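Engineer: Got a structure here, written out as structure tokens. Questions coming.
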Amino acid sequence: MKTLDGPTDHVVVVGAGLAGLSAALHLLGAGRAVTVVERGTRPGGRAGRVEHGGYRIDTGPTVLTMPDLVDEAFAAVGDTLADRLDLVPLHPAYRARFADGSALDVHTGADAMAAEVERFAGAREAYGYRRLRHWLEKLYAVQMRRFIDANFDSPLGLLHPDLVRLAALGGFGRLDARIGSFISDERLRRVFTFQALYAGVPPAKALAAYAVIAYMDTVAGVYFPRGGMHALPQAMADAAADAGADFRYGHDVSRLERSAGGTGDRITAVVTGRGEDQVRIPCDAVVLTPDLPVTYRLLGRPPHRPVPLRFSPSAVILHAGTDRTWPGLGHHTISFGRAWKGTFRELTHTGSLMSDPSLLITRPTATDPSLAPPGRHLHYILAPCPNTLVGPGVQEWADLGPRYRDSLLTELEHRGLDGLAAAVEEQCLVTPADWAAQGHAAGTPFSAAHTFAQTGPFRPRNLVRGTTNAVLAGCGTTPGVGVPTVLISGKLAAARVTGGVPRGRRR
Ligand SMILES: Cc1cc2nc3c(=O)[nH]c(=O)nc-3n(C[C@H](O)[C@H](O)[C@H](O)COP(=O)(O)OP(=O)(O)OC[C@H]3O[C@@H](n4cnc5c(N)ncnc54)[C@H](O)[C@@H]3O)c2cc1C
């Protein structure tokens with residue numbers, strides 16, 4: 001594995017999102033002095049928090065999987081997840097509701113899920129589910145060790161017997177077809193393939209290898225921290241501060257200072273602010289976690305890619321504080337529309353809003369009522385939508401956003417959430433225009449899509465040309481988008497700095 005050149009005693013981490021916090025903990029554990037510079041006023045980045053009318057609203061991820069990766073970051077500084085967070089396993093992990101009126105609870109226990117599948121679709125499908133589960137477990141074991149939790153120096157790094165094992169498992173086929181080889185019920189297939197959208201690719205086009213996401217949430221389990229998802233970055237920041245990290249909040253990094261009067265290949269300082277407000281923080285090495293366009297601007301060199309990056313679809317989110325809730329909702333409910341393939345076409349090609357939407361509704365107050373005022377409830381309604389390069393542009397969302405919100409509320413009322421619009425007492429609507437305003441390319445918070453050409457060693461690398469002491473972390477680089485993956489990216493970045501095999505790495 002290639003590592004950074006020269007001294008790395010003091011590392012500046014730019015960004016206190018989950019990737020930056022993971023990097024900071026792993027660097028502290030390896031004995032580095034760490035300064036974390038964050039433009040916001042609190043940690044979390046995309047895993048943010050808004051407080052509104054007595055509601056504590058998580059603005060980003062809601063589905064927490066693979067908590068062992070969080071524990072690994074705490075363990076780097078001799079801490080434990082159990083001491084820092086109260087994680088509640090969610091049973092069921094999801095509730096899936098279909099347009100024909102049927103519903104399925106997605107259990108992560110093998111027997112409970114097989115029984116639920118048998119009730120829902122018969123004994124043959126339950127047998128298929130057990131085979132699918134076995135395949136998901138093998139797929140995860142082959143990929144995690146070699147292709148996800150791994151620093152690649154070149155595509156040649158792929159050449160390993162595990163590549164043959166992955167191919168033998170059908171990892172290079174198409175996701176939808178592979179899942180269909182185990183189960184035939186079209187509704188069940190959706191439950192194990194919709195996760196491709198997290199990777200920004202339709203299930204019919206995604207590599208079967210991406211079923212590893214279905215492993216994470218349908219087999220390994222979904223959790224929720226008491227205090228909300230934002231409790232996770234807060235706990236990580238607290239652990240890093242206790243281990244000696246220096247946090248500078250409210251500091252926007254404006255440039256990186258280079259050696260040899262500005263033309264050298266070493267970053268000598270991170271500079272925040274402008275004019276008289278400039279603050280110069282000298283460093284031996286730097287970990288950069290902002291979105292790729294910001295990172296490349298700071299580095300002063302866009303990467304040479306033969307084809308421009310393709311970005312994932314985006315999302316509209318309505319955070320609704322309500323005076324009632326509905327018994328059919330779980331902590332996580334996926335409300336599938338009748339349409340499916342056409343929905344992905346709309347999101348990724350035609351660029352129109354979903355004509356028959358599939359929606360993720362999260363009700364965090366089902367698990368932690370303290371996130372809302374007494375007797376009130378929080379509903380987080382996520383509607384995937386095209387990014388601003390494929391669909392409506394930033395300007396259009398000013399008018400479109402409120403109209404789309406109204407149509408989503410009407411649609412959900414038709415789907416059984418009667419009286420939803422009238423029950424909303426506080427709301428916060430987030431559209432691609434808001435994601436763009438936060439600096440996210442293509443108005444999507446989900447970064448570069450996980451197409452084959454943007455996966456593994458073909459994804460923007462965490463080492464950059466022309467700089468000997470900078471390394472990238474976060475969802476734009478390897479391994480990719482999502483809480484587990486950005487935690488790994490922070491650990492991999494730390495390993496590039498320290499040269500060590502990341503602590504806790506499974507062999
Ligand atoms: C709405 C939404 C729902 C999601 N749902 C899920 C889910 O359910 N499950 C899941 O696993 N994943 C989910 N994700 C994905 C996951 O949350 C992200 O991939 C992950 O949080 C990104 O972390 P990051 O550290 O790479 O980036 P960020 O969180 O964006 O961190 C980068 C940090 O850098 C800071 N920064 C940027 N520029 C500068 C600068 N110039 N100077 C100083 N600081 C700067 C930013 O303020 C930010 O804090 C979701 C994301 C969103 C937005």
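The values are calculated or read from the model by the stated rules, or taken from the named source; none is laboratory data. Source: prediction; values computed, not measured. So basically every Cβ, Gly included, is an ideal-geometry build from the backbone, and we count neighbours across all protein chains shown. The protein model used for the area step is the full one, side chains on, heavy atoms only, and it has no ligands, DNA or RNA in it. Shrake-Rupley method; radii C 1.70, N 1.55, O 1.52, S 1.80 Å.
Engineer: Keeping to the range 439-454, report how many residues are within 12 Å of the ligand (Cβ to nearest atom) and not in a helix (DSSP H, G or I).
Structural biologist: Residues in the range 439-454 being within 12 Å of the ligand (Cβ to nearest atom) and not in a helix (DSSP H, G or I): 8 in total.
Engineer: Tell me which residues, restricted to the range 251-266, are open to solvent by less than 70 Å² (accessible area, probe 1.4 Å) and either among the hydroxyl-bearing types (Ser, Thr, Tyr) or under 19 Å from Gly40 (Cβ atoms) (or both).
Structural biologist: Within the range 251-266, His251, Val253, Ser254, Ser259 qualify.
Engineer: Mind checking whether some residue in the range 207-217 is touching a residue at least 24 places away in the same chain (Cβ under 8 Å), within 25 Å of Asp58 (Cβ to Cβ) and among the small types (Gly, Ala, Ser)?
Structural biologist: Yes, the conditions are met somewhere in the range 207-217.
Engineer: Do you know which residues across the range 147-181 are in a helix (DSSP H, G or I), crowded, with 18+ Cβ neighbours inside 10 Å and in contact with a Pro (Cβ under 9 Å, 6 or more places away or on another chain)?
Structural biologist: Of everything in the range 147-181, those that are in a helix (DSSP H, G or I), crowded, with 18+ Cβ neighbours inside 10 Å and in contact with a Pro (Cβ under 9 Å, 6 or more places away or on another chain) turn out to be Phe147, Ile148, Leu175, Asp176, Ile179.
Engineer: Would you confirm whether or not the range 46-60 contains a residue that is among the basic types (Lys, Arg), on the phi < 0 side of the Ramachandran plot and in contact with a His (Cβ under 7 Å, 6 or more places away or on another chain)?
Structural biologist: Filtering the range 46-60 down to residues among the basic types (Lys, Arg) leaves 46, 49, 56.
Now narrow it down to the ones that are on the phi < 0 side of the Ramachandran plot: 46, 49, 56.
So of that shortlist, the ones also in contact with a His (Cβ under 7 Å, 6 or more places away or on another chain) come out as 49.
For the range 46-60, residues among the basic types (Lys, Arg), on the phi < 0 side of the Ramachandran plot and in contact with a His (Cβ under 7 Å, 6 or more places away or on another chain): present.
Engineer: Restricting the first residue to the range 12-32 and requiring it to be within 24 Å of Thr65 (Cβ to Cβ) and among the polar types (S, T, N, Q), which pairs with a second residue that is open to solvent by 10 Å² or more (accessible area, probe 1.4 Å) and within 9 Å of the ligand (Cβ to nearest atom) meet a Cβ separation below 9 Å and a spacing of at least six or different chains?
Structural biologist: Final answer for the pair search is Ser22/Val486.
Engineer: Another question, if that's okay. Quick one: would you say Phe452 is at negative phi, open to solvent by 50 Å² or more (accessible area, probe 1.4 Å) and touching a Pro at 6+ places or on another chain (Cβ under 8 Å)? Walk me through it before giving the result.
Structural biologist: Working: at negative phi: yes; open to solvent by 50 Å² or more (accessible area, probe 1.4 Å): yes; touching a Pro at 6+ places or on another chain (Cβ under 8 Å): no.
Considered against the rule, which asks whether it is at negative phi, open to solvent by 50 Å² or more (accessible area, probe 1.4 Å) and touching a Pro at 6+ places or on another chain (Cβ under 8 Å), Phe452 comes out as no.
Engineer: Okay, next question. Just to be sure, is Asp406 part of a loop (DSSP other than H, G, I, E, B) and of a type in the set (Asp, Glu)? Steps first, please.
Structural biologist: Working: part of a loop (DSSP other than H, G, I, E, B): no; of a type in the set (Asp, Glu): yes.
The answer is no for Asp406.
Engineer: Are there any pairs, at least 6 apart or on different chains, whose C-beta atoms fall under 6 Å, with the first in the range 106-117 and of a type in the set (Asp, Glu) and the second open to solvent by 10 Å² or more (accessible area, probe 1.4 Å) and part of a strand (DSSP E or B), and if so, which?
Structural biologist: Glu116/Asp105
Engineer: Same structure, new question: For residues in the range 76-98 being open to solvent by 50 Å² or more (accessible area, probe 1.4 Å) and not in a strand (DSSP E or B), which is farthest from Pro225 (Cα to Cα)? Don't jump to the end; show me each part of the working.
Structural biologist: Looking only at the range 76-98, we keep the residues that are open to solvent by 50 Å² or more (accessible area, probe 1.4 Å), and these are 78, 80, 82-84, 86, 89, 91, 95, 97.
Within this subset, residues satisfying the condition of being not in a strand (DSSP E or B) are 78, 80, 82-84, 86, 91.
Working: Gly78: 21, Thr80: 14, Ala82: 11, Asp83: 12, Arg84: 10, Asp86: 6, His91: 14 Å.
If we take residues in the range 76-98 being open to solvent by 50 Å² or more (accessible area, probe 1.4 Å) and not in a strand (DSSP E or B), then Gly78 is farthest from Pro225 (Cα to Cα).
Engineer: Of the residues Ile281, Ile317, Ile267, only one is out of contact with any Gly (no Cβ under 7 Å at 6 or more places or on another chain) and under 30 Å from Val191 (Cα atoms); which? Outline the logic, then answer.
Structural biologist: Working: Ile281 fails: under 30 Å from Val191 (Cα atoms); Ile267 fails: under 30 Å from Val191 (Cα atoms).
Result of the check over Ile281, Ile317, Ile267: Ile317.
Engineer: I need the full set of residues from the range 455-478 which are in contact (Cβ under 8 Å) with a residue 24 or more places away in the chain, closer than 14 Å to Phe147 by Cα, within 16 Å of the ligand (Cβ to nearest atom) and open to solvent by less than 20 Å² (accessible area, probe 1.4 Å), in order please. So that I can check it myself, show each step before the final result.
Structural biologist: Quick first cut of the range 455-478, residues in contact (Cβ under 8 Å) with a residue 24 or more places away in the chain only: 455-458, 460-478.
Adding the requirement that they be closer than 14 Å to Phe147 by Cα leaves 455-458, 461, 477-478.
From what's left, within 16 Å of the ligand (Cβ to nearest atom): 455, 461, 477-478.
Matches in the range 455-478: Thr477, Thr478.
Engineer: Which condition from (1) assigned to a strand (DSSP E or B); (2) surrounded by 15 or more Cβ atoms within 10 Å (Cβ to Cβ) is the one that Gly330 breaks?
Structural biologist: Unmet for Gly330, out of (1) assigned to a strand (DSSP E or B); (2) surrounded by 15 or more Cβ atoms within 10 Å (Cβ to Cβ): (1).
Engineer: Given the criterion within 16 Å of the ligand (Cβ to nearest atom) and either touching a residue at least 12 places away in the same chain (Cβ under 8 Å) or open to solvent by 30 Å² or more (accessible area, probe 1.4 Å) (or both), identify the matching residue among Ala436, Ala423.
Structural biologist: Details: Ala423 fails: within 16 Å of the ligand (Cβ to nearest atom).
Every option except Ala436 fails the conditions.
Engineer: Next question, about the same structure. Which members of the range 242-296 meet the condition of being under 20 Å from Val486 (Cβ atoms), within 16 Å of the ligand (Cβ to nearest atom) and in contact with a Ser or Thr (Cβ under 9 Å, 6 or more places away or on another chain)?
Structural biologist: Ala245, Phe247, Tyr249, Val253, Val286, Leu288, Thr289, Asp291, Leu292, Thr295
Engineer: Do the conditions hold for Ala73, that is, is it in a loop (DSSP other than H, G, I, E, B), surrounded by 22 or more Cβ atoms within 10 Å (Cβ to Cβ) and either at pLDDT 95 or above or in contact with a Leu (Cβ under 7 Å, 6 or more places away or on another chain) (or both)? Step through it out loud before you land on a result.
Structural biologist: Values: in a loop (DSSP other than H, G, I, E, B): no; surrounded by 22 or more Cβ atoms within 10 Å (Cβ to Cβ): yes; either at pLDDT 95 or above or in contact with a Leu (Cβ under 7 Å, 6 or more places away or on another chain) (or both): yes.
So Ala73 does not fit the description; no.
Engineer: Go through the residues of the range 89-102 one by one and say whether even a single one is more than 16 Å from the ligand (Cβ to nearest atom), in contact (Cβ under 8 Å) with a residue 24 or more places away in the chain and among the polar types (S, T, N, Q).
Structural biologist: The answer is yes; a qualifying residue exists.
Engineer: Moving on to the next point. Please go through (1) at pLDDT 95 or above; (2) of a type outside the set (Val, Ile, Thr); (3) outside any helix (DSSP H, G or I); (4) out of contact with any Pro (no Cβ under 6 Å at 6 or more places or on another chain) for Pro384 and return the number of the only condition it doesn't satisfy.
Structural biologist: Unmet condition: (4).
Engineer: Let me ask another. Looking at the range 226-236, is at least one residue surrounded by 21 or more Cβ atoms within 10 Å (Cβ to Cβ) and closer than 30 Å to Leu175 by Cα?
Structural biologist: Yes: the range 226-236 contains one or more residues that are surrounded by 21 or more Cβ atoms within 10 Å (Cβ to Cβ) and closer than 30 Å to Leu175 by Cα.
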